[in-house]
Every structure is written in structure tokens, then in C-alpha cells.
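The values are calculated or read from the model by the stated rules, or taken from the named source; none is laboratory data. What you see is a predicted model, and the numbers here were worked out from it, not measured in a lab. A quick note on method: Cβ atoms are made from the backbone with ideal geometry, for glycine too, and the neighbour counts reach across all protein chains shown.
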Amino acid sequence: MNEIPLTIIGNLTKDPELRYKPGGGEAVLRFTIASTPRYYSKAERDYVDAETTFMPAFLNSRGSENANSYLERLAETFKRGDHVIAVGDLITRKKDVDGQAQRWNELKLREIGASPRFRNITIERERQD
């Protein structure tokens, strides 16, 4: 699989969805990020929105209890409309449906964080005794 590093900044289109794979306890957190670039238009003498890109993204735990806990915290933390910065690898998925090949892209996340651009963010640290 050929993975391409990618950073995307945008808004979550709905609340993150956390699911567990049957039998193994591996968790997968899925959501979609909508990113709309803006550019300056000389004709309109103002900034205008370009076409919105909707990027499906996911994080998986690979069965680790600590990683499952991390994904659960992320699912509770992020909500629809939150402005995020996501870093990961762009991957292309393929499957045949009724003899026709279908392809789509997804972002396999390495990191995701809230962007302070449109709201205040407070970072809470766990105490280490």
C-alpha cells in the first residue's frame, strides 16, 4: 500500500463514531473532516471559498488497552463542528462491487488536535504522583 503523508485542517462533519471489532476488542474511531480553502479573487476583490473537500479519517487501537482508552477520550472530546488539525497518511481503498472497481481515499491518522483558531482551548494535564 502506498501511503502519502497529509495534514488537513477543517471541521468535523458529525460526532466521531467509535466502534469495536468483534472478538478482539480493537477499537476504530471514524469521522469526516470538511476543509474549505479560501483564496483572494481579484475579480471580486475579496476572499472567496473554494470547493469543500470531505476527507474520511480513522484511528485504530490495534487492540491495545491504552490505545482503546485514548480513542474513547477522543470520542468524548471532539464533537460535530469542532475545528481540528489532523496529520496522517492518505491511503486509497479499493473493492469490487458487482464487477466494478470502486476507489476512495481515507486519512489514516497519526495525530489529531483541536485548533485554537476559532475558540479558546484549555489543556488539562493528568497529575503524576
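The set of residues from region 18-44 being of a type in the set (D, E, K, R), over 11 Å from the mean Cα position of the chain (by Cα) and closer than 30 Å to ASN66 by Cα comprises ARG19, LYS21, GLU26. Here ALA86 meets each of (1) loosely packed, with under 12 Cβ neighbours inside 10 Å; (2) in a strand (DSSP E or B); (3) touching a residue at least 24 places away in the same chain (Cβ under 8 Å) with one exception, condition (1).
Could you say whether any residue in region 67-77 is of a type in the set (D, E, K, R), under 26 Å from PRO116 (Cα atoms), touching a residue at least 40 places away in the same chain (Cβ under 8 Å) and in contact with a strand residue (DSSP E or B) (Cβ under 7 Å, 6 or more places away or on another chain)? Yes.
Where residues in region 22-46 are outside any strand (DSSP E or B) and touching a strand residue (DSSP E or B) at 6+ places or on another chain (Cβ under 7 Å), which of them is nearest to ASP82 (Cα to Cα)?
Filtering region 22-46 for residues outside any strand (DSSP E or B) gives 22-26, 36-37, 42-45.
Restricting the remaining residues to those that are touching a strand residue (DSSP E or B) at 6+ places or on another chain (Cβ under 7 Å) gives 26, 36.
On the way: GLU26: 25, THR36: 14 Å.
Within region 22-46, the match that is nearest to ASP82 (Cα to Cα) is THR36.
Once region 1-21 is narrowed to residues that are among the charged types (D, E, K, R) and outside any strand (DSSP E or B), the residue that is modelled with the lowest pLDDT is GLU3.
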